Amino acid sequence: MLSVTPKIELHLHLEGAAPPAFIRGLAKEKRLDIAGIFDARGHYQYKDFWDFLKVYEAATSVLKSPEDYARLTLAVLEESAASGVVYSETFLSPDFCGGRDIGAWREYLHAIREAADQAERTMGITLRGIITCIRHFGPEKAREVARCAADTAGDWIVGFGIAGDEKVLTPKDYLWSFDCAREAGLRLTAHAGEWGGPQSVRDAVNDLGVERIGHGVRAIEDLALVDELAERGIVLEVCPGSNVALGLYPDWRSHPIGQLYDRGVKVTVSTDDPPFFHTTMTREFDELNRAFDWDDGVFANLNRTALDAAFCDADTRARIGKLLET
Ligand code: ADE
Ligand code: ZN
């Protein structure tokens with residue numbers, strides 16, 4: 001068992017981090033019937049990744065107001081802080097927060113930020129937002145999401161990305177949205193190399209110009225690409241527990257994060273959608289320690305890589321850096 005080290009997390013979907021009891025409570029308050037998404041023990045249940053996306057959207061459907069998102073933010077940050085996370089970046093989707101209407105999105109964002117400020121004061125965890133379009137909702141909606149992103153880019157909304165079904169269309173189909181976000185000063189990341197192979201990672205890096213990849217683990221199937229990622233300093237937001245839970249790899253020891261790290265790729269560790277995958281940042285570190293015999297020195301490297309790759313401003317990075325030194 002490793003000591004409780006301060007942790008940096010770069011890849012966390014806010015709705016995907018919603019504790020099932022929280023979602024059930026909201027559904028009850030609003031008299032909405034989403035019982036089918038839970039198993040007998042009250043956990044989220046799904047058959048595969050595509051079913052997971054449906055269950056995710058059903059759970060999200062009970063979040064109907066800025067106040068709901070404020071409560072969600074506090075519930076999520078409480079869990080993260082309990083794992084020792086001191087800095088987190090979360091994916092936020094105007095598709096779910098106000099239906100891509102810029103005025104409504106601003107209200108949701110205001111509520112989320114107020115909750116995050118409260119968590120920073122009371123729990124010592126700092127949060128920043130990455131606006132995320134959803135690939136299977138299509139390029140037209142992604143453009144509206146990008147406009148919301150450009151309108152609220154700043155010291156809190158620091159990045160833009162894409163999540164959802166990687167098998168739908170190609171990164172190039174979302175080029176307008178990524179260009180719009182880049183021109184607004186946002187840093188870029190894209191989910192790739194999870195359900196798509198190495199070419200999907202290449203396309204995200206070359207066509208969209210992202211500096212980080214969400215997952216990216218399937219790059220291991222093409223060692224020339226692995227070398228290229230290492231040389232170019234592309235950072236992978238690796239979520240091993242998510243990959244194992246969704247059946248991409250049969251167990252932790254088979255996960256390619258060890259090989260990617262050994263080959264010099266900048267890897268970081270995150271939970272993705274922790275309650276869906278029965279994980280926490282503490283569990284990720286413990287399982288990696290067991291699977292690869294990684295010690296505190298390796299985890300300190302991973303944390304440092306994550307902080308260097310964080311999209312926050314220099315003052316925030318320096319402040320969080322001091323927490324890692326203690
Ligand atoms: N949205 C939430 N979790 C995701 C994942 N693992 N892959 C793609 N989109 C997601
Ligand atoms: Zn993700």
Quick one: which residues, 5 or more positions from I157 or on another chain, have an amide H under 5 Å from its amide H? H modelled 1.01 Å from N in the peptide plane, none for Pro or chain starts.
-> G129
Could I have the simple spin-label model distance between D173 and T122, label points 7 Å from Cα toward Cβ, reported in nm to one decimal?
-> 4.3
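Report the charge-dipole magnitude of segment 188-326 in Debye, nearest 20, computed about the Cα centre from +1 at each Lys and Arg Cβ and -1 at each Asp and Glu Cβ.
Details: 13 positive and 24 negative charges, 34 e Å.
Charge dipole of segment 188-326: 160 debye, to the nearest 20.
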What are the extents of the Cα atoms of segment 1-154 along their three principal axes, listed from largest to smallest and rounded to whole Å?
-> 46, 43, 29
Write down the Å³ per residue value for the convex hull defined by the alpha carbon atoms of segment 120-266.
-> 128
Gained length - D286 relative to D207, 0.36 nm times residue gap less alpha-carbon distance = 24.8 nm
Enumerate the residues in segment 86-114 having an amide nitrogen under 19 Å from the point lying 7 Å beyond the Cα of S61 toward its Cβ.
-> 93-100
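Would you mind checking K47/K172; K54/K141; K64/K172; K7/K322; K54/K167; K7/K167 for any pair whose Cα atoms are more than 20 angstrom apart?
Working: K47/K172 30 Å; K54/K141 18 Å; K64/K172 32 Å; K7/K322 12 Å; K54/K167 15 Å; K7/K167 32 Å.
Flagged as over cut-off: K47/K172; K64/K172; K7/K167.
Which percentage, to the nearest 5, of the DSSP beta bridges contained in the chain is antiparallel? Please list the in-between numbers first.
Numbers: 1 of 33 bridges.
Approximately 5 percent, going by the DSSP bridge assignments.
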R0 = 45 Å: FRET efficiency of V298 with R41, Cβ-based, nearest 0.05?
-> 0.85
Taking every Cα atom in the chain, find the radius of gyration and the maximum pairwise distance Dmax, and write them in Å.
-> 18.2, 53
Fully extended contour minus Cα-Cα distance, from T326 to H110, at 0.36 nm per residue = 74.5 nm
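Each reported figure results from applying straightforward, stated rules to the coordinates on display, with no laboratory input. This one's a predicted model, so the numbers in the text were calculated from it and none came from an experiment. Neighbour counts are summed over all protein chains in view; Cβ atoms, including those assigned to glycine, are modelled from backbone coordinates with ideal geometry.
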